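Worksheet for the structure shown next.
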Amino acid sequence: MSLSPGTRLGPYEVAGPLGAGGMGEVYRAKDTRLGRDVALKIVPTHLSQNPEVRERFEREARAISSLNHPHICTLYDIGRDGDADYFVMELLEGESLATRLERGPLKLDEALKIAAQIADGLAAAHKQGIVHRDLKPGNIVLTRSGAKILDFGVAKLREEQVVEMATRTTPLTTAGSMVGTVQYMSPEQLEGKPVDHRSDLFAFGALLYEMVTGKRAFEGQSQASVIAAILDREPRPVSQMIPTAPEALDRIVTLCLAKDPDQRWQSAGDLARELRWIADGKTPSTSSPAPTIVAKGMKGRELIAWGVVGILLAATIILLLRPAPAVAPTMLRRFVVDSPESAMMAPDAVFSRISPDGRTLAFFASDAKGVSSLWLRPLDSLEAHALPGTQDGSLPFWSPDGRYVGYFGSGKLKKVAIDGGTPESICNVGDGRGATWSENGTIVFAPESAGAIYQVPQGGGDVRPVTALDASRKETGHRWPYFLPDGKHFLFVTMPADQGTFDVFIGSTSGPERTFLVKASGAPVYASPGWLIYPRENTLMAQRFDAAKRTLVGEPKSLGAAPAPSDWTGAAVLSASRDGVLARSAWVFKDTQLSWYDRAGHLVSEVPLPSGRYGIAAISPDGKRIVITRRTATSKSDLWLMDVDHPVPSRLTFGSVDTTNYVAWSPDGRHVAFGTDRNGPVDAYVKPVDGSSDEVPILTGGALFKSPTSWTADGRSIVYEQPDATTGWDILMVPSDGKGTPTPILQSKSAERVGVVSPDGRWIAYSSDESGRLELYVQSFPTAGSKAQVTSAGEFGSMKRWTKGGKELMFLGIDGRTVMAADVSIGATFHAGAPHELFKLRPDWTGWDFTPDGERVLVVAPAGPPQAPAIAIDLNWSAELER
């Protein structure tokens, strides 16, 4: 029947419809006697016409009305008006669990909390001998005060009508024979057997499974296939769907979904306690009450007798074995997340971050066209997906509630909702170096590679500094902030590093005061509960940290070999969730080899060198010699020199040069310019390749990085790049003898990088992001004038080379793998043809250069087959410390 507003049933006046279901229509109504709003459920006529059924219904309703529990919807009244039977229930404001699950699984802590509340409600009903029989997401309402269970005992009314059909000999798919919702029905319900409270516990297990995983425990293409799954199959373990889920949760769900009721949990109260123990971070599998297993065929007295014997036996065992054994430690679990099938993830750990709840990995990856985007990969899924509008971003970081990912892109600090939507700009930035987001809505970030750290509200607004450079320490930059649990203090590292070791400080959003904490080879991260994780040379360390006192406790413990260091100086090499999940690059810091390729990408030969970790390679102007860097430690390396035809390397420097990206040969091939951080900032030096004298400093102090990228054609000046807190990356020129002052060549609010002068000395090729992403440009040199854009599809922004006597420019495409070439003409004017692809480098290269004639490419890459980018995930990482 359908009721219009104003209709009265007894003292209840209908206000409007609320919904409908298998047990009738539901209306919002007013109790005219008490003046309160109620929910009025009309029982279908076909279920209430039978006097015997109606009598049972009233008897069941009287029992249900006695339930007074915060997690059970209260039944106020039942009544009959004419031919209409109705329930009068508490009116709940909220959404059903079914509606909530349409948006995906719940966060683990939220799911455990709600599940414990449902179990509490079931326990209260079962204590009164009342069984629900139709527990499902649609019968749970999520309100401000917690979960509420609806329709207790209502299914029994429906059951009375069809019980004669639900027998072993009746086909299970007979219309009307299903009492309850199939996906949550216990095997005994499906087989028409008598049910008790343990059927509710089966449905609870299916409900919990769906809350945590977002998938139903039993699925099929038809009702019959779902029934077959419930009767004959086991669902995929929760821990396989959600690797971050504790092992104890697997045990709870498995026992709830046991086919035999005697093998299930026997008490909803025990379930509630177990769930709360898990939520509190405990491992109840050996300390909490186990489900009581009831022996089949025993009668009441036998059960009581055996129960007494069991209690006495248990007590005796406890007395004999005291003290109780400790809970077994949770095992470390590790797996690898590979690149999406259609994209290649960025290998550097700085481009990936695990969400605060440990359930989702955010990372940047490039598609087949070289366009990078922010991707998300839930750990309970085999699929990753890109977030539209996040192209050319970098350095992701999470909001504390896991609803947004922040990142740096197109000169802005941005955020994007993980469930879709347009990215939002927060504030302007330059060449950023990390950000972190607090519970109170504050984002702390390093807007440039040099300079102080700033803070901004998450919605944008006032931007102000929260650190100040210490001139007495010759500081040039602060970077890689990471909030501590109080949301006010944060970790950060200072630049320059001291021979690859960074000073870690604790800063505050309330002012520039800071406290020294530790020295590390990279920025640390805070990991709950109370750990600091950071690299020290080639080892990853974990050290106890008192977050309240903001002090380290005890000695650091090794977590094994550190991941490969980031190319972003000082960056953290991993990220951590709140609940024991670590994410780090799966790249192994392996020995490398040098190989020659032709213009078509065919391997020509491998250079026979002693085993080592070679990085940057630079070929001399005549193509006969090579300077390479070779690492001696995580952040230290030296220059080595060798002939192309006789590759026997000899050491050129002995002062641990910085792992710089560039080494520049003089036009006559007699000197090389390089950077070294031996005195703090990366200073520029010149060294004769014959070893006749020591290197000579040409740029010292000032900017954090001063990286030589080219010489002028006459050899009198060196072109280099450096960062500036105001203008970002700039290109300058300094006399090669170090006796003059620097001259700006390209200096604007855009980033200008890697300037290389043409052989005739009249043009300079460089990278700039003035269009919103890096492109290759050529400008007249040394005086600005004529300018041309060579690329329009993006460029990687690393070393480029004038080849064929200045008739060709060779460079890498935006994906960092595609070797590109453009025919050019130089002289009084400049002209460039359309760039074309030559071949793709292997994805794990560490260095490369072109021969002057453009016919061969020298590639430095790890020894052995290509190492595809991947991210390693550690679950329960602290178990490593207990081995």
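The values are calculated or read from the model by the stated rules, or taken from the named source; none is laboratory data. On a predicted model such as this, the values are computed, not experimentally measured, just so you know. In this analysis, Cβ positions are derived from the backbone assuming ideal geometry, glycine residues included, and neighbour counts consider all displayed protein chains. When the accessible area is computed, the model is the full protein with side chains, heavy atoms only, and any ligands, DNA or RNA have been set aside. Shrake-Rupley method; radii C 1.70, N 1.55, O 1.52, S 1.80 Å.
Positive contributions from Lys and Arg (+1) and negative ones from Asp and Glu (-1), summed over other residues with Cβ under 9 Å from the Cβ of R198, come out at -3. Using only alpha carbons, segment 733-820 has a radius of gyration to Kirkwood radius ratio (Rg to Rh) of 0.97. Cα-Cα pairs above 16 Å in segment 388-483: how many percent? The answer is 51 percent, as a whole percent. Label point of Q240 set 7 angstrom out along Cα-Cβ; within segment 349-381, amide nitrogens under 17 Å from it belong to 379-381. Taking trypsin sites (Lys or Arg not before Pro) across segment 383-419, the ones in a DSSP loop with at most 16 further Cβ atoms lying within 10 angstrom of their Cβ are R403. Distance between the pseudo-spin-label points of R36 and D690 (7 Å out from Cα toward the beta carbon): 10.1 nm.
Looking at segment 749-823, which trypsin sites (Lys or Arg not before Pro) are in a loop (DSSP not H, G, I, E or B) and have at most 16 other Cβ atoms within 10 Å? Write out the running numbers ahead of the final one.
Values: sites: K749, R753, R762, R773, K787, K800, R801, K804, K807, R817; in loops: K749, R762, R773, K800, K807, R817.
When the trypsin sites (Lys or Arg not before Pro) of segment 749-823 are filtered for loop state and at most 16 Cβ neighbours within 10 Å, K749, K807 remain.
For the pair R550 and D250, label points projected 7 Å from Cα toward Cβ lie 4.1 nm apart.
Hand me the trypsin sites (Lys or Arg not before Pro) from segment 92-127 located in a DSSP loop with no more than 12 other Cβ atoms within 10 Å, in residue order please.
Counting only loop positions with at most 12 other Cβ atoms within 10 Å, the trypsin sites (Lys or Arg not before Pro) in segment 92-127 are R103.
Ellipsoid semi-axes for segment 421-530, based on the Cα gyration tensor and the rule √(5λ), read 22, 16, 13 Å when sorted largest first.
Within the set K41/K193; K113/K557; K519/K739; K415/K557; K687/K807, which residue pairs have Cα atoms separated by over 32 Å? Violating the 32 Å limit, Cα to Cα: K113/K557; K519/K739; K415/K557. Every helix of 4 or more DSSP H residues in the chain counts as -39500 (n - 2.57), and over all residues that averages to -4500 deg cm²/dmol at 222 nm.
Using only side-chain charges placed at the Cβ, +1 for Lys and Arg and -1 for Asp and Glu, the dipole size of segment 410-474 relative to its Cα centre rounds to 220 debye. Gain on full extension, evaluated as 0.36 nm per residue between S145 and N440 minus their Cα-Cα distance, stands at 103.8 nm.
Gyration tensor over the Cα atoms of segment 716-764: the corresponding equivalent ellipsoid has semi-axes (square roots of 5 times the eigenvalues, largest first) of 19, 14, 7 Å.
Between L652, T213, Q722, the Cα set farthest toward the positive side of the dipole of the chain (charges on each charged residue's Cβ, about the Cα centre) is that of T213.
Taking 11 Å as the cut-off, the amide N atoms of segment 470-501 that come nearer than this to a point 7 Å along the Cα-to-beta-carbon line of S510 belong to 488-489. Annotation: H646 carries an accessible surface of approximately 130 Å², with a 1.4 Å probe and no ligand, DNA or RNA atoms counted. Taking the Kirkwood radius as Rh and the Cα radius of gyration as Rg, the chain has a ratio of Rg/Rh equal to 1.10.
Modelled spin-label separation between T743 and E58, with each label point placed 7 Å from Cα along the Cα-to-Cβ direction: 10.6 nm.
Report the charge-dipole magnitude of the chain in Debye, nearest 20, computed about the Cα centre from +1 at each Lys and Arg Cβ and -1 at each Asp and Glu Cβ.
Its charge dipole is roughly 1240 debye.
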